[in-house]
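A short reminder: the numbers here are calculations on the coordinates, not readings from a lab. Values in this document were obtained by computation on a predicted structure and should not be read as measured data. Ideal geometry is used to build each Cβ from the backbone, glycine not excepted, and the neighbour counts take in all protein chains shown.
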Amino acid sequence: MKTETKYEPGYFTGKNRPTEWSEEVRAAAIEYILPDVVRWLEAGGEKDPDLDDLRKQLAGSAEYYRDGYRMASSLDRNYHWEVDSELVDMLDGLHYTLSDEKKIAVWAWLKDNNIFPKLIQGANVKVKPRDSTEIIDGIITKVDLEGGQYIVRCPSLGHIEPGGTRTGTLGIYLDYAEVEDLNG
């Protein structure tokens, strides 16, 4: 389990759960790739690029796009960058960095707001999957303490039991608040 965070204790107190689109998550991901982008610019002849401008431009391209090609196209279109495949590959990695940074931020948010699971593995629950309007029954198959989520197997959605001979989806990830105890 993660025990260290880049956020000061209390930073997320009273705030909404961080997502990959949260400003602080995007900013942390951009800081992570910034040295590589600077090296790429300098290799292309740019001398002493303005880091604040780079952060704003990268944040602007990362605001709407999740893949390197679209981000690079946005940088070309909006900021007149001369992009190449090396930059596209670099920006493609931002998606994974956003995911990692979101995990760090969510862990800090959980700690700051004293959010812990109320249910255990094996509990029978009611859930409303994000892409559905109906409430269905499920079973918690795992408690993800770092992500503040349960993995819930819902047979009515075709989820399979682990260890069986069939292949398929084992369950869905749902935030603690999205799962209701059937016994309570």
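Some notes on this structure:
- Helical runs assigned H by DSSP (4 residues or longer) give the chain a calculated mean residue ellipticity at 222 nm of -13500 deg cm²/dmol, each run adding -39500 (n - 2.57) before division by the residue total.
- Overall shape: prolate for region 48-156, with the ratio a/c of the largest to smallest alpha carbon gyration tensor axis at 1.5 or above and a/b above b/c.
- Ranked by how many other Cβ atoms sit within 10 Å of their own Cβ, fewest first, the residues Ser61, Ser73 fall in the order Ser73, Ser61.
- Of the GluC sites (Glu not before Pro) found in region 101-184, those in coil by DSSP whose Cβ has at most 11 other Cβ atoms within 10 Å are Glu134.
- For volume of the Cα convex hull per residue in Å³, the value calculated from this model appears in (1) 282; (2) 127; (3) 164 under label (3).
- Footprinting exposure proxy for Ser22, Ser132 (fewest neighbouring C-beta atoms within 10 Å first): Ser132, Ser22
- Gaussian network model of the chain, Cα within-10 Å springs - most flexible of Ile120, Ile135, Ile151: Ile135
- Cα centroid separation - region 62-95 against region 101-177, whole Å: 33
- Taking every C-alpha pair closer than 8 Å and separated by at least 6 residues, the mean separation divided by the residue count of the chain gives a relative contact order of 20 percent.
- At full extension, Lys103 and Arg55 could sit 15.2 nm farther apart than now, given 0.36 nm per residue minus the alpha carbon distance.
- For Gly168, the shell of other residues with beta-carbons less than 11 Å away shows a net charge of +1, using +1 for Lys and Arg and -1 for Asp and Glu.
- Legend: calculated FRET efficiency, Gln121 to Thr165, from the Cβ-Cβ distance at R0 = 22 Å, rounded to 0.05, equals 0.45.
- By other beta-carbon atoms within 10 Å, ranking His159, His95 with the fewest at the front produces His95, His159.
- Cross-link partners of Lys128 among aspartates and glutamates (Cα-Cα below 17 Å; sequence separation of 8 or more within a chain): Asp137, Asp175, Glu178, Glu180, Asp181
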